[in-house]
Each structure stands twice: as C-alpha cells, then as structure tokens.
Amino acid sequence: MTVTILVDADACPVKEEIYKTAYRLKTPVVLVANSYLRLPDHPLLTMKMVDDGFDAADDWIAEEAGPSTVVVTADILLAGRCIEVDATVIAPTGKPFTSANIGGAIATRAIMADLRAGVDNVGGPAPFTQKDRSQFLNALDREINRLLRFI
C-alpha cells in the first residue's frame, strides 16, 4: 500500500506545491478533471480525465479515496464523501477537513448558499494568499508523513 494524492484539479490553485511535495516525498499524484490539464513530465504525476457529467470528477475521487489517500479539494461535499472512507482531506488553504469539522462546514455551506440566493450581498470566498499556500504546503507535508509512518 502506498500513499497517493488525489487532486480535484479543475480549479486547484496549489498544483505546483503538490508537485514539489510529491517529488520530495516520492508520492504519486493523480489530478482529476473533466478537461485536459498540462502536467510536468514526471513518472509520479498522472492525469485522470473524466467525462463532463455533473460531479464526474468528484464521483471518481470518492470511489478511489481510502485510508492511504490524501485528497486535495475545496469542495466540502466531496470532502465529506472522502472522510466517510477514511481518506485524509485538505483544502487548498491548508485547512484539514475531518469528521469533527465536516458537519459544520456543510452547514455553513448551506447557509451561505441560501444567503447568496436571497437579497443579501455576502460576497464569495476570501482571496487566495501566499499564507494560504504556505499553510497548504505544511499541511500536505504533515499528512503525507503521518500516513507514511503507518505503512
């Protein structure tokens, strides 16, 4: 059993950080998207192109995820599905999704969707920052090393 990184890749802002960590820790990466993505030519990196059906990438990731998988996604519902199969899930900001916090994240997502659908102007997510990148790198490194200790 090896640790694998699965990336919800369509809008992932930390692909370069994932590549660097994968090279250093010799960890395979599968980038999942419904359109072609250009990847560096490296044996640890593969692309899984899924059809453009609704949630096709999410479905593929959820089916492949498991205890030796680190999933990188900002999609809270996908994070919940992956947590159910004991995968480690990290947002591109470095925030871990866990069984302890996913319920609150899903509830907040629903509330924000309701507010956006109404008259309130609540805006979108905060801009992605260098601090987010740094926190992501630390979280990814920490979680891969944690999983490697158990293999």
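Computed from the coordinates by the stated procedures, all read-outs in this text should not be read as laboratory data. What you are looking at is a predicted structure, and each value in this text was computed from that prediction instead of being measured. For neighbour counting, all protein chains shown are included, and Cβ atoms are generated from backbone atoms with ideal geometry for every residue, glycine included.
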* To do: Using packing as a proxy for protection, rank 57-68, 126-137 so that the peptide with the highest average count of other Cβ atoms within 10 Å comes first.
  => 57-68, 126-137
* To do: Tabulate in residue order the Karplus-calculated ³J(HN,Hα) for the stretch 54-71, using 6.51 cos²θ - 1.76 cosθ + 1.60 with θ = phi - 60°, rounded to whole Hz; enter x for Gly and Pro.
  => 4, 6, 4, 5, 4, 4, 5, 4, 4, 6, 8, 5, x, x, 9, 10, 10, 9
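Which of rounded, prolate or oblate describes the stretch 1-83 when judged by the alpha-carbon gyration tensor and an a/c cut-off of 1.5? Numbers along the way, then the final one.
Numbers: a/c = 1.73, a/b = 1.23, b/c = 1.41.
The shape class here is oblate.
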* Quick one: which residues, 5 or more positions from Phe97 or on another chain, have an amide H under 5 Å from its amide H? H modelled 1.01 Å from N in the peptide plane, none for Pro or chain starts. => Val89, Ile90, Ala91
* Structure fact -> Output ordering of 75-83, 24-32 (per-residue mean of other Cβ within 10 Å, highest first) is 75-83, 24-32
